[in-house]
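Novice: After the structure tokens below, expect a handful of questions from me.
The values are calculated or read from the model by the stated rules, or taken from the named source; none is laboratory data. Note that this is a predicted model, so its numbers are computed, not measured. All Cβ positions, glycine included, derive from the backbone under ideal geometry; neighbour counts span all protein chains shown. The protein model used for the area step is the full one, side chains on, heavy atoms only, and it has no ligands, DNA or RNA in it. Shrake-Rupley method; radii C 1.70, N 1.55, O 1.52, S 1.80 Å.
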Amino acid sequence: MPDFSSYLPISSPTMSFFVVLCIILFAPIIMGKLRIPHIVGMVLAGVAVGPHGFNILANDRSMELFGHVGLYYIMFLAGLEMNMGDFRKNRVRTFAHGILAFVIPMAMGFILNRTALGYGFITSVLLASMYASHTLIAYPTVLRYGLSHQRSVTIAVGATAITDTLTLLVLAIVGGIFKGNITGGFWLLLFAKIAAVFFVIFFIFPRIARFFFRRYEDNVTQFIFVLAMTFFGAWMMESIGMEGLLGAFLVGLVLNRYVPNVSPLMTHLEFVGNAIFIPYFLIGVGMMVNVKLLFGGIGTLQVAAIMIAVALASKWVASLATQKIFGMRAIEREMIYGLSNAQAGATLAAVLVGYNLLLPDGQRVLNDDVLNGTIILILVTCVFSSFTTERAAKRIVLETRSTTPQEDGGDDEKIMVPLRDPSTAETLITMAVMMRNTKLNRGLVALNVVYDDNNRLAHQEQGRRLMERITKVAAYSDVRVQTQVRIATNITNGIKHAFKEFNASEIILGMYPDKGHSSKFLGELAQSLYGGLSRQIVLVRCLQPLNTLRRIEVAVPSKAEFEPGFYRWLERLARLASNLGCRLEFHGRQQTMRLIGEYLQKSHPGVRAQYTPMEHWNELPRLAASIDDDHLFVVITARKGTVSYKAALDHLPEELAGNFRGKNLMIIYPDQYGEAANVMTYAAPQMHEERSAYTALREWLGRKMKARGRQDA
């Protein structure tokens, strides 16, 4: 076997950059399969390629430079993404919880660090500050449920600004102690310098920013300006003997109002941070972890256990105290707790500061045990925060949302129909015509997306001919159609971008199943779309003319009435049934059936409907026997992480492929709240793997056991 150790660590800058890019590319994919937050995946990848792992990369000056920039970038984005309006609205509760969420973890952590771990005063203070901070890693979950304006969410988000600022101030003071000469006037001089820098950042920087943004609108120029302000603020903090990351965080808070969340500038800032700088920092943190120490004794595990216990317990006590003081509900406490117990950004900053500071005896302020324990702490708290917030969000939706959601007025109706197969195009357009609101008299959007390859011109011409044909079909019904033949390197992204450009309300898409694999029954295109859009998506497979359908059978999951798109899909099906003159039959829970009946009686009294109880989703295969060739079977499903989602929906493609072969099918993904799919943050993964590695392993073991059983038989 060749000896590769002589070539390691890699010395070529080009190859080193290639390895880092491969980590940035594949770590989120692998972590998505394992259902682990990708921020942890970057750190673990750094452990693997670092000096204490396989020694593939050296922890050299380039890693240090990019990691330093990444750390400042994390703090800058944390300040930039704060909702200062909500913070001011609930400032009393927010300030109180912020102080409690800082003081209680600091006190509990300091006592246990001194007694249980036996650390010195400075080490105990710095380690306790790690427990006080928190990262809003579960905030995208809140957006997905449409709860961003809930009081408990506002308190948790605003408290993050307070706890992180106080934590960073502790880090800055500790760093200043080690960098400066402590004399009689040290503290007075230190706070005078801090006041001066705060004055410049909070009073001078906004005026400079206002002057600049009024005169220069170019995105590149604005991007460079914002970065320059960030690192200048960080340098000012360093120049007075404090940590620059506090300066970057404060600059983010100051520029908050000048960089809207939906602006191109914000997109560019987040893109660069997520693509390069922040992953570099996370990988660099992992490269400092000594795996041998992690498995070489109980020291690291003991430290990690105490750190996890203090972090989780102290945040719960702070959340409980906030609830009792302001007379809040228990579910609000759970939401505050879920959002405020994840440790990530400021925790990494704290451990990095302490790890690089040396005591007079040459020992690090935070040793290798703490560094390794911090990685475990981040993993546990991030996963715990995600599950806790998800559970609290579902309970709040079920408790606070009215049992009769707001009905869909259809004012935003604009149906988009992506087309590629001429044999199904007329059916899809006809179905869209039957589902549209004739009172609004709005047209449809027909879209054809072609690959940007060598056959582009030929495919464009085919697409134009298809659009001309579709326009004539719609004209027979006196319906206007906007058409577009679009070029894209990725079909899904092409549809998404067109959806936003036309400001469409929903999509009607034909199903093009992979006949050889039931797991791909819905088609990869459809799966990518419903994972990236929050609006209604309707998948259709109609094997016979629409006007020959006699009945529409609809399977409705429990709690479907709590979804924001409940009345939209119900309205569309009612219009379709009315135009076809066929009967609607619903299968679901009694509560859901009652709301459907009330709506149809009020809005569509002429539609014939009947209701059949279906208590459990596992009764779905039984319905297959009652579906005739001239029936349309409709399944109302749900995206993962929504109120009506259930684990049984994971097996929907297999059930449909196995039990409803040759049947007319329609699958509806209802509207969801917000634009959670577009939220871009260093703590939230940018992709979601629909099928986890655990599911694949379970299925593989099941197949092996069945094969062995057949052999034994």
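Novice: Name the single residue that is farthest from L169 (Cα to Cα) among those in segment 201-223 being modelled with pLDDT of 90 or more, open to solvent by 40 Å² or more (accessible area, probe 1.4 Å) and among the aliphatic types (A, V, I, L, M).
Specialist: I208
Novice: Which residue pairs have Cβ atoms closer than 6 Å, lie 6 or more positions apart in sequence or on different chains, and pair a first residue in segment 299-320 that is farther than 18 Å from V370 by Cβ with a second residue that is among the β-branched types (V, I, T) and open to solvent by less than 10 Å² (accessible area, probe 1.4 Å)?
Specialist: Filtered contacts from segment 299-320: S319/I336.
Novice: In addition: Being more than 27 Å from G233 (Cβ to Cβ), part of a loop (DSSP other than H, G, I, E, B) and hydrophobic (A, V, I, L, M, F, W, C), is that true of even one residue in segment 57-66?
Specialist: yes
Novice: Looking only at segment 457-492, count how many residues are in a helix (DSSP H, G or I) and surrounded by 14 or more Cβ atoms within 10 Å (Cβ to Cβ).
Specialist: Looking only at that region, the number is 13.
Novice: Which one of these is crowded, with 22+ Cβ neighbours inside 10 Å and over 20 Å from L398 (Cα atoms): F566, F633?
Specialist: Testing whether each residue is crowded, with 22+ Cβ neighbours inside 10 Å and over 20 Å from L398 (Cα atoms) leaves just F633.
Novice: Just a yes or no: is a residue in segment 601-616 in contact (Cβ under 8 Å) with a residue 60 or more places away in the chain and assigned to a loop (DSSP other than H, G, I, E, B)?
Specialist: no
Novice: Taking the condition hydrophobic (A, V, I, L, M, F, W, C) and modelled with pLDDT under 85, does L440 pass?
Specialist: Criteria met by L440.
Novice: Would you call V19 closer than 30 Å to L171 by Cα, at pLDDT 80 or above and part of a helix (DSSP H, G or I)?
Specialist: no
Novice: V433 versus (1) touching a residue at least 12 places away in the same chain (Cβ under 8 Å); (2) within 21 Å of T489 (Cβ to Cβ); (3) assigned to a helix (DSSP H, G or I): which is the lone unmet condition?
Specialist: Among (1) touching a residue at least 12 places away in the same chain (Cβ under 8 Å); (2) within 21 Å of T489 (Cβ to Cβ); (3) assigned to a helix (DSSP H, G or I), the lone unmet condition for V433 is (2).
Novice: Within segment 441-466, track down each residue that is aliphatic (A, V, I, L, M), more than 15 Å from I507 (Cβ to Cβ) and touching a residue at least 24 places away in the same chain (Cβ under 8 Å).
Specialist: Selection gives V450, L466.
Residue by residue, here is whether (1) crowded, with 24+ Cβ neighbours inside 10 Å; (2) of a type outside the set (G, A, S); (3) in a loop (DSSP other than H, G, I, E, B); (4) modelled with pLDDT under 80 holds:
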| residue | (1), (2), (3), (4) |
| --- | --- |
| D361 | no, yes, yes, yes |
| L377 | yes, yes, no, no |
| L398 | no, yes, no, yes |
| N454 | no, yes, yes, no |
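Novice: Considering D671, D650, which residue is open to solvent by 10 Å² or more (accessible area, probe 1.4 Å), at pLDDT 80 or above and under 20 Å from the mean Cα position of the chain (by Cα)? Steps first, please.
Specialist: Details: D650 fails: at pLDDT 80 or above.
Just one listed residue meets the conditions, D671.
Novice: When you look at M307, is it within 21 Å of L71 (Cβ to Cβ) and either in a loop (DSSP other than H, G, I, E, B) or at pLDDT 85 or above (or both), yes or no?
Specialist: yes
Novice: In addition: Within segment 576-600, work out how many residues are assigned to a helix (DSSP H, G or I) and either touching a His at 6+ places or on another chain (Cβ under 8 Å) or among the hydrophobic types (A, V, I, L, M, F, W, C) (or both).
Specialist: Result for segment 576-600: 8.
Condition check ((1) open to solvent by less than 10 Å² (accessible area, probe 1.4 Å); (2) over 20 Å from R661 (Cβ atoms)) across all residues:
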position	(1), (2)
L529	yes, yes
R541	no, no
F562	no, yes
L573	yes, yes
L576	yes, yes
C582	yes, yes
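Novice: What number goes with the only condition from (1) under 27 Å from I396 (Cβ atoms); (2) polar (S, T, N, Q); (3) part of a strand (DSSP E or B) that S644 does not pass?
Specialist: (3)
Novice: Output the residues belonging to segment 319-330 that are within 26 Å of the chain's Cα centre (by Cα) and buried (at least 20 other Cβ atoms within 10 Å of the Cβ).
Specialist: Here is the first cut: in segment 319-330, the ones within 26 Å of the chain's Cα centre (by Cα) are 319, 330.
Within segment 319-330, S319 is the sole residue that qualifies.
Novice: Could you check, for segment 332-341, whether at least one of its residues is open to solvent by 30 Å² or more (accessible area, probe 1.4 Å), assigned to a helix (DSSP H, G or I) and either of a type in the set (A, V, I, L, M) or modelled with pLDDT of 85 or more (or both)?
Specialist: yes
Novice: Name the pairs: first residue in segment 635-650 and under 18 Å from A696 (Cβ atoms), second residue outside any helix (DSSP H, G or I), Cβ to Cβ under 6 Å, at least 6 apart or on different chains?
Specialist: If the second residue must be outside any helix (DSSP H, G or I), the pairs left are L649/T637.
Novice: Evaluate segment 509-523: report whether one residue or more is modelled with pLDDT of 85 or more and buried (at least 22 other Cβ atoms within 10 Å of the Cβ).
Specialist: Looking for residues that are modelled with pLDDT of 85 or more and buried (at least 22 other Cβ atoms within 10 Å of the Cβ), one finds at least one in segment 509-523, hence yes.
Novice: While we're looking at this one, here's another question. Of all residues in segment 18-73 being of a type in the set (F, W, Y) and touching a Phe, Trp or Tyr at 6+ places or on another chain (Cβ under 6 Å), which is farthest from D164 (Cα to Cα)?
Specialist: Let us first name the residues in segment 18-73 that are of a type in the set (F, W, Y), namely 18, 26, 54, 66, 72-73.
With touching a Phe, Trp or Tyr at 6+ places or on another chain (Cβ under 6 Å) added as a condition, the list becomes 66, 73.
Numbers: F66: 23, Y73: 15 Å.
Looking at the filtered set, the residue picked out is F66.
Novice: Evaluate the following for T592: is it within 20 Å of T424 (Cα to Cα) and hydroxyl-bearing (S, T, Y)?
Specialist: So T592 fails the test.
Listed here are the residues, each with its yes/no results for (1) aliphatic (A, V, I, L, M); (2) modelled with pLDDT of 85 or more; (3) open to solvent by 50 Å² or more (accessible area, probe 1.4 Å).
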| site | (1), (2), (3) |
| --- | --- |
| K33 | no, no, yes |
| V47 | yes, no, no |
| S62 | no, no, yes |
| I74 | yes, no, no |
| G98 | no, yes, no |
| P105 | no, yes, no |
| T115 | no, yes, yes |
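Novice: Another question, if that's okay. Please work out if Y145 is in contact with a helix residue (DSSP H, G or I) (Cβ under 7 Å, 6 or more places away or on another chain), hydroxyl-bearing (S, T, Y) and surrounded by fewer than 24 Cβ atoms within 10 Å (Cβ to Cβ).
Specialist: No, not satisfied.
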